[in-house]
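Report on one structure; see the data block that follows.
The values are calculated or read from the model by the stated rules, or taken from the named source; none is laboratory data. As the structure is a computational prediction, the values presented were derived from the model and not from experiment. Every residue, glycine as well, gets a Cβ built from its backbone with ideal geometry; the counts of neighbours run over all protein chains shown. Just the protein is used for accessible areas: all its heavy atoms, side chains included, with ligands, DNA and RNA removed. Shrake-Rupley method; radii C 1.70, N 1.55, O 1.52, S 1.80 Å.
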Amino acid sequence: GRGRGDRGRGGRGRGRGGGRDKGDKDEWIPVTKLGRLVKDNKVRSLEEIFLYSLPIKEYQIVDHLIGPALRDEVMKVAPVQKQTSAGQRTRFKAYVAVGDGNGHIGLGLKCAKEVATAIRGAIINAKMNLVPVRRGFWGATSGAPHTVPCKVTGKCGSVRLRLIPAPRGSGIVASIIPKKLLSMAGVEDVYSSSSGHTRTRGNMAMAVYHALGKTYGFLTPDLWEPTVFSPTPAQEFTDHLTKMSVAKHY
């Protein structure tokens, strides 16, 4: 016959992914400068990364810096179809939010043939999309920050969502999706106002994420001190990175 013999996938060390050395699956080998600095404990917090607006290209950076405090929640899983000549091809789209309940929130989206693969990919995507959330006060500035610092708006598709500071003890006055995201971001009290087709869960979640991302975009008078610029981590630890690359070559 015209069989492929031993040239199948995997098998005897031939074909796609066949005789690759598995090694230690759990060990993280960083491929970016930021990843190498994080693994070597030169960068110790996410705030150092956000301060210089550095892009996070490896989800392990977030795992390393936050660890078990980061929790994830599936916001929505929906089947999507593409029409082909042979019929339809169904895949699954997943929205997953991650947050540590202490001023960090991320939202990821992934489409895959299987639900588990889509959720796994969305979690990785959400970790790389992590943003800081600024919290503030309503009225007296005593105790820990508990609400959003000012009115912020987010939008996605037809959905428009407005977050309004609320007095302590009000709780999160919002529907299910914003309530989950806001609690994961560490916001305790907030009023909300939304318009558009808010039943579209994916767009609703994305609107909340964009609104929370804007909290650091508003310059309040308490942030008017002159900014003292310092070198970025890649510049500060350039000697360390050079040593590592030289050692790798030898």
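Only one entry in ALA118, ALA126 is in contact with a Phe, Trp or Tyr (Cβ under 6 Å, 6 or more places away or on another chain) and open to solvent by less than 30 Å² (accessible area, probe 1.4 Å), namely ALA118.
For PRO233, the test of being farther than 18 Å from VAL131 by Cα, modelled with pLDDT under 95, buried (at least 19 other Cβ atoms within 10 Å of the Cβ) and not basic (Lys, Arg) is passed. Does GLN60 fit the bill of being more than 16 Å from LEU181 (Cα to Cα) and either assigned to a strand (DSSP E or B) or among the hydroxyl-bearing types (Ser, Thr, Tyr) (or both)? In short, no.
Entry remark, region 160-198: residues being β-branched (Val, Ile, Thr), within 14 Å of ARG135 (Cα to Cα) and part of a loop (DSSP other than H, G, I, E, B) number 1 in total. Within region 223-237, residues that are among the aromatic types (Phe, Trp, Tyr) have Cβ atoms under 9 Å from residues that are assigned to a loop (DSSP other than H, G, I, E, B) in these pairs: PHE237/ASP40; PHE237/LYS42; PHE237/VAL43, counting only partners at least 6 apart in sequence or on another chain. Just for region 193-230: of the residues that are at pLDDT 95 or above and hydrophobic (A, V, I, L, M, F, W, C), which one is most open to solvent (accessible area, probe 1.4 Å)? So, considering only residues that are at pLDDT 95 or above and hydrophobic (A, V, I, L, M, F, W, C), the one most open to solvent (accessible area, probe 1.4 Å) is MET206.
Filtered by the rule that a residue be more than 13 Å from the chain's Cα centre (by Cα) and open to solvent by 60 Å² or more (accessible area, probe 1.4 Å), region 101-114 gives ASN102, LYS113, GLU114.
Can you find a residue in region 198-211 that is within 30 Å of THR32 (Cα to Cα) and hydroxyl-bearing (Ser, Thr, Tyr)? Looking for residues that are within 30 Å of THR32 (Cα to Cα) and hydroxyl-bearing (Ser, Thr, Tyr), one finds at least one in region 198-211, hence yes.
Taking region 133-153 as the range and being within 19 Å of MET204 (Cα to Cα) and open to solvent by 30 Å² or more (accessible area, probe 1.4 Å) as the test, the residues that pass are LYS151, THR153. Of the residues making up region 52-88, those that are among the acidic types (Asp, Glu) and open to solvent by 40 Å² or more (accessible area, probe 1.4 Å) are ASP63, ASP72, GLU73. Residues that are open to solvent by 60 Å² or more (accessible area, probe 1.4 Å), touching a residue at least 40 places away in the same chain (Cβ under 8 Å) and part of a helix (DSSP H, G or I) do occur in region 37-51.
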